[in-house]
Amino acid sequence: PRLIALVYSLVSAIRTDGSDPDQPHRLAEAERLSQTTGFGVCHGRNLMTQAWSALAAGDYPAALQLLERAVAITPTGSPGPFATQAIGDFAVSAALVGDDDRAISIAEDGVTAARGLPLPGLLAFALARAVAAASIIQRWARAEGYLREQLALLRRLGTHRWVGETFEFAALTLEATNRPAAAARALLVGDHYRATLGEAPGGVIPAVVA
């Protein structure tokens, strides 16, 4: 348990935006220790961190391979919280490399898994990733369906998390489906939430889509 806690602490301290000069060393050390634990989810968590670093660096094929490995080492059967999170990021990575059908299938798997768990916050995460994947590959009808479910869920939860990003993707979807006035309103709402929470305008994934 102490070694597992150490790995989680090390992985959580790694900055995945490319700003940490010691990142390669930290990632290598986390990889070594995570394999030592023999605990699959611990190793998978480290693979996800490596994937986030690859995404930030624009190396989408590497991110896809890492997330595929993370999903593969999770227990078989109905995905739990960790696997559901990995599946969401896996779908986005597949979309970014242009594997459209796989991306939308994986995204739907993640949302379906999250709906079966008593964790509404995890469902919000899965829907956010499904919206991102559908938007990247320009499956606007599918994106709109996920957005409607996401907005209803966020309203029910009363949370501010994911709200700015959700409205940004709503703006993308509305603009792509010839509703520019509604798109402008959605973008303003997203900017308002970002400003309220002290976040920078726009998100990483919307910037990639644009």
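Whenever you get a sec, compute what percent of the accessible area on segment 90-210 sits on carbon and sulfur atoms (1.4 Å probe). Looking at segment 90-210 in its full context, I get 56 percent from C and S. Neighbours of LEU147, meaning other residues whose beta-carbon lies under 11 angstrom from its beta-carbon, give a summed charge of -2 when Lys and Arg score +1 and Asp and Glu score -1. Modelled spin-label separation between ILE73 and SER105, with each label point placed 7 Å from Cα along the Cα-to-Cβ direction: 2.5 nm.
Sorted by packing (mean other beta-carbon atoms within 10 Å per residue), highest first, where do 61-67, 135-141, 83-89 land?
Values: 61-67: 21.3, 135-141: 19.1, 83-89: 25.4.
Put in order of decreasing packing, that is 83-89, 61-67, 135-141.
Can you pull the one-decimal nm distance between simple spin-label points at ALA195 and ASP59, each 7 Å off the Cα toward Cβ? Label-label distance for ALA195 and ASP59, simple model: 3.9 nm. Each peptide in 116-126, 90-100 was scored by the mean count of other Cβ atoms within 10 Å over its residues; highest first, the order is 90-100, 116-126.
Can you give the Kirkwood hydrodynamic radius of segment 91-198 from its Cα pairs, in Å with one decimal?
On the way: mean 1/r = 0.0722 Å⁻¹.
The Cα-based Kirkwood calculation yields 13.9 Å.
The values are calculated or read from the model by the stated rules, or taken from the named source; none is laboratory data. Bear in mind that the values here come from a model prediction, so they are computed numbers and not experimental data. Quick reminder, even Gly has a Cβ in these numbers, built from the backbone with ideal geometry, and neighbours come from all protein chains shown. Ligands, DNA and RNA are stripped out before the accessible areas are found, and what is left, the full protein with its side chains, is counted by its heavy atoms. Shrake-Rupley method; radii C 1.70, N 1.55, O 1.52, S 1.80 Å.
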